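> Here it is: the structure, laid out below.
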Amino acid sequence: MNESPDPLLDLLHLLDLERIERDIFRGVSRSSLVPRVFGGQVAAQALVAAGRTVPDDRSAHSLHAYFLRAGDPGAPIVYTVDRIRDGRSFTTRRVVAVQHGQPIFHLSASFQTYEEGMEHQAPMPAAPDPESLPTAAEMLPRYADRFSDPGVVDRLIEARAAVDLRYVDAPPFGTVGEAREPRSQVWFRTNGKLADDPLLHVCLATYVSDMTLLDSVLLAHGRGGWAVGDVVGASLDHAMWFHRPFRADEWLLYDQESPSASGGRGLGQARIHTADGRLAITVIQEGVVRVPRA
């Protein structure tokens with residue numbers, strides 16, 4: 001396993017897009033567990049591109065995105081930003097990601113100036129202390145026999161080296177063949193401190209949000225996931241609402257569930273709370289989830 005001495009720095013470089021023109025940016029990719037660009041990477045890079053065309057006093061409060069084609073990890077991605085609206089309180093941007101002359105991803109994002117307003121939120125669900133849970137490096141080797149490829153464990157650890165992601169219960173590949181309640185919880189934070197840049201924290205949460213959201217779909221059917229090989233699939237669309245300020249370098253509880261699966265698609269929805277109980281983010285994603293054909 002060729003792990004970087006500083007995986008978080010590598011991830012931050014990945015999100016630091018090259019500006020080609022006023023509203024055109026270029027990004028590169030990192031290796032993934034599957035032969036395509038990781039969806040969370042494209043979403044995070046697109047949000048970086050949108051955010052760099054918005055005044056500093058406006059924070060991202062929502063994004064809505066569609067994954068159109070599988071990205072080529074060996075080619076750069078060009079992000080073109082369309083300045084849809086600049087209002088007194090809200091700013092709207094549309095971003096199209098292009099590879100080989102074709103759009104692979106589309107994102108709309110909205111930003112808002114801070115203002116006071118009515119306050120209420122859903123309560124934080126019960127969850128154990130994240131420090132009491134095993135790290136990925138401690139947990140994943142326990143399930144090495146579930147993967148036909150012995151290198152999967154090392155690649156999973158490497159792919160998540162920038163993020164400390166800890167499962168509350170066994171992941172889908174830990175209980176293959178056993179249908180469970182369609183709900184999953186993970187704690188996550190970056191493996192290192194981040195600068196005090198709200199856009200950076202939002203983009204890193206966007207990156208992580210695509211890692212485990214469809215786990216709850218798999219749990220309902222006793223499937224182990226893409227690395228096990230008993231399902232095939234990909235993200236179709238992704239939406240996030242950023243309710244309150246948070247830091248991606250401090251513990252966040254990702255509480256995920258699946259209300260439905262049908263037609264070869266599965267729906268995941270989640271809430272992300274800070275460790276002190278504030279509801280920071282709501283996430284919804286639909287993905288293709290198919291049983292491989294014989």
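The values are calculated or read from the model by the stated rules, or taken from the named source; none is laboratory data. Just so it is clear, the structure is predicted and the values come from calculations on it, not from any experiment. Counting neighbours? That spans all protein chains shown, and the Cβs are built from the backbone with ideal geometry, glycine included. Accessible surface is based on the protein model in full, side chains and every heavy atom, while ligands, DNA and RNA are left aside. Shrake-Rupley method; radii C 1.70, N 1.55, O 1.52, S 1.80 Å.
> Can you tell me which residue among Leu236, Leu218 is over 27 Å from Ser59 (Cα atoms) and in contact (Cβ under 8 Å) with a residue 40 or more places away in the chain? Steps first, please.
Details: Leu236 fails: over 27 Å from Ser59 (Cα atoms).
Result of the check over Leu236, Leu218: Leu218.
> I've got another one for you. In the range 95-116, what residues are part of a loop (DSSP other than H, G, I, E, B) and open to solvent by less than 90 Å² (accessible area, probe 1.4 Å)? Give the steps one after another, and end with the answer.
Of all residues in the range 95-116, those part of a loop (DSSP other than H, G, I, E, B) come to 100-101, 114-116.
Passing the criteria: only Gly101.
> Another question, if that's okay. Report, by residue number, each residue of the range 172-211 that is β-branched (Val, Ile, Thr) and either open to solvent by 50 Å² or more (accessible area, probe 1.4 Å) or modelled with pLDDT of 95 or more (or both). First the steps, then the outcome.
Looking only at the range 172-211, we keep the residues that are β-branched (Val, Ile, Thr), and these are 175-176, 186, 190, 202, 206, 208.
Within the range 172-211, Val176, Val186, Thr190, Val202, Thr206, Val208 qualify.
> A further question follows. If I filter the range 62-71 for residues that are farther than 21 Å from Leu156 by Cβ, hydroxyl-bearing (Ser, Thr, Tyr) and not in a loop (DSSP other than H, G, I, E, B), do I get at least one hit?
Yes, because at least one residue in the range 62-71 is farther than 21 Å from Leu156 by Cβ, hydroxyl-bearing (Ser, Thr, Tyr) and not in a loop (DSSP other than H, G, I, E, B).
> If you don't mind, there's one more thing I want to ask. Hey, can you tell me all the residues within the range 151-171 that are of a type in the set (D, E, K, R) and either modelled with pLDDT of 95 or more or part of a helix (DSSP H, G or I) (or both)? Talk me through it step by step, then tell me what you get.
Start the filter on the range 151-171 by keeping residues that are of a type in the set (D, E, K, R), which leaves 154-155, 158, 160, 164, 166, 169.
Those that are of a type in the set (D, E, K, R) and either modelled with pLDDT of 95 or more or part of a helix (DSSP H, G or I) (or both): Asp154, Arg155, Glu158, Asp164, Arg166, Asp169.
> Considering only the range 204-253, how many residues are in contact with a Pro (Cβ under 8 Å, 6 or more places away or on another chain), under 23 Å from Asn191 (Cβ atoms) and hydrophobic (A, V, I, L, M, F, W, C)?
Matching residues across the range 204-253 total 2.
> While we're here: In the range 117-128, is there at least one residue being out of contact with any Leu (no Cβ under 7 Å at 6 or more places or on another chain), of a type in the set (Gly, Ala, Ser), open to solvent by less than 70 Å² (accessible area, probe 1.4 Å) and over 12 Å from Trp187 (Cα atoms)?
Among the residues of the range 117-128, at least one is out of contact with any Leu (no Cβ under 7 Å at 6 or more places or on another chain), of a type in the set (Gly, Ala, Ser), open to solvent by less than 70 Å² (accessible area, probe 1.4 Å) and over 12 Å from Trp187 (Cα atoms), which makes the answer yes.
> Considering only the range 21-40, I want to know if a residue exists there that is closer than 30 Å to Val153 by Cβ, of a type outside the set (S, T, N, Q) and part of a helix (DSSP H, G or I).
Within the range 21-40, the first condition is being closer than 30 Å to Val153 by Cβ, and the residues that meet it are 27-40.
Narrowing the set further to residues that are of a type outside the set (S, T, N, Q) leaves 27-28, 30, 33-40.
Filter once more, so that each one left must be part of a helix (DSSP H, G or I): 39-40.
Yes, the range 21-40 has at least one match.
> Name the residues in the range 264-293 that are open to solvent by less than 70 Å² (accessible area, probe 1.4 Å), farther than 29 Å from Ser59 by Cβ and part of a loop (DSSP other than H, G, I, E, B), would you?
Step one: filter the range 264-293 for residues open to solvent by less than 70 Å² (accessible area, probe 1.4 Å), giving 264, 266-270, 272-275, 277, 279-289, 292.
So of that shortlist, the ones also farther than 29 Å from Ser59 by Cβ come out as 264, 266, 288-289, 292.
Answer for the range 264-293, where residues must be open to solvent by less than 70 Å² (accessible area, probe 1.4 Å), farther than 29 Å from Ser59 by Cβ and part of a loop (DSSP other than H, G, I, E, B): Gly264, Pro292.
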